[in-house]
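Participant: Sharing a structure, written as structure tokens. Questions coming.
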Amino acid sequence: MLWAAESIYEGTWASGPAPIEVQWVELMREYGWSWQEYAETPEYPKRVAWDLMVARRDAENSRNQQQNQPQGR
């Protein structure tokens, strides 16, 4: 599990969706959910929350990369 998480965080993960354990931790961290709250949340809202979190992070990373690139003239 640690290898998968490191690969995801380094941006080198290319093995499909993140393992469910990584999703658990990230969703609980992102939304401040306890394990009990996570367990009680239906699957569809968890999937939507995950997809939105990933989309937002991807957009933020893209924006940061664009801002850090030298401007050509």
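Participant: Could you tell me which of the residues Glu21, Glu60 is in contact (Cβ under 8 Å) with a residue 12 or more places away in the chain and assigned to a helix (DSSP H, G or I)?
Facilitator: Of the residues listed, the single one that is in contact (Cβ under 8 Å) with a residue 12 or more places away in the chain and assigned to a helix (DSSP H, G or I) is Glu21.
Participant: For segment 12-24, what are the residues that are under 11 Å from the mean Cα position of the chain (by Cα) and within 19 Å of Asn61 (Cβ to Cβ)?
Facilitator: Passing the criteria: Pro17, Ala18, Val22, Gln23.
Participant: If you don't mind, there's one more thing I want to ask. Give the number of residues within segment 26-46 that are under 14 Å from the mean Cα position of the chain (by Cα) and either at pLDDT below 90 or more than 20 Å from Asn61 (Cα to Cα) (or both).
Facilitator: 2
Participant: Separate question: Assess whether Ala55 counts as being part of a loop (DSSP other than H, G, I, E, B) and within 12 Å of the chain's Cα centre (by Cα).
Facilitator: So Ala55 fails the test.
The values are calculated or read from the model by the stated rules, or taken from the named source; none is laboratory data. Because the structure is a prediction, the values reported are computed rather than measured. Note that we place each Cβ from the backbone using ideal geometry, even for glycine, and neighbour counts take in every protein chain shown.
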